[in-house]
Each structure stands twice: as structure tokens, then as C-alpha cells.
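Okay, structure first, notes after.
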Amino acid sequence: MIELTRLNGHKIAVNCDLIRYAEASPDTVLTLVTGEKLIVLESCDAVTALAFQYRVALMQSAWPDASSALAARSAFDAPHTDAALFFDRD
């Protein structure tokens, strides 16, 4: 789960595995695989980075021996926030 902020300032925890699209129009609109749409304050790049960080943390806890390799990969990929890496494209 990643923590995001609704437009009214309230925090919301989102299962990033359910995010199908993230669009900036100009607010960030997340479309979930269920069809539900969420509007959040964070940018598309920030949502992508949070999802990536979540996945790295998940892998580090599930596979502790690979922590150093995952941390190195995370540092390498951090500036690259291409949403296509995480979200479906139709």
C-alpha cells in the first residue's frame, strides 16, 4: 500500500497493484483495475516513485539476501519514473 493525499487533504492508502493508469489532467487521476477513479495531490511521477519504493521494500523483506542488489537497483532507477514501467498501456 502507498499513502497518497486526496484533494481535500485527507490521506488514503492505495493498493498500488490495483492501479491501472495514472493520468495528469491537470490533477493526478488514478484509474484502478476495478474502474474506480481517484484524484490525488501527488504527481504521476511521485505515484510511480512511491509504487517503485513499495515494491523494492517488499522484495527486500521477502528476499533479504538480495537487499544490497535491490538497493543498488533502486538508487539507479530512482530518477527514471516512466509510468509505463508500472502501469498497463492499452
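Computed values, structure above
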{"item": "Cβ pairs under 6 Å, 6+ apart, first in the stretch 1-23 and surrounded by 16 or more Cβ atoms within 10 Å (Cβ to Cβ) and in a loop (DSSP other than H, G, I, E, B), second modelled with pLDDT of 95 or more and not basic (Lys, Arg)", "result": "none"}
{"item": "Residue match in the stretch 38-55 (condition: modelled with pLDDT of 95 or more, part of a strand (DSSP E or B) and surrounded by fewer than 16 Cβ atoms within 10 Å (Cβ to Cβ))", "result": "yes"}
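The values are calculated or read from the model by the stated rules, or taken from the named source; none is laboratory data. All figures in this text were calculated on a predicted structure; none of them were measured in a lab. FYI the Cβ positions are ideal-geometry reconstructions off the backbone, even for glycines, and counts take in every protein chain you see.
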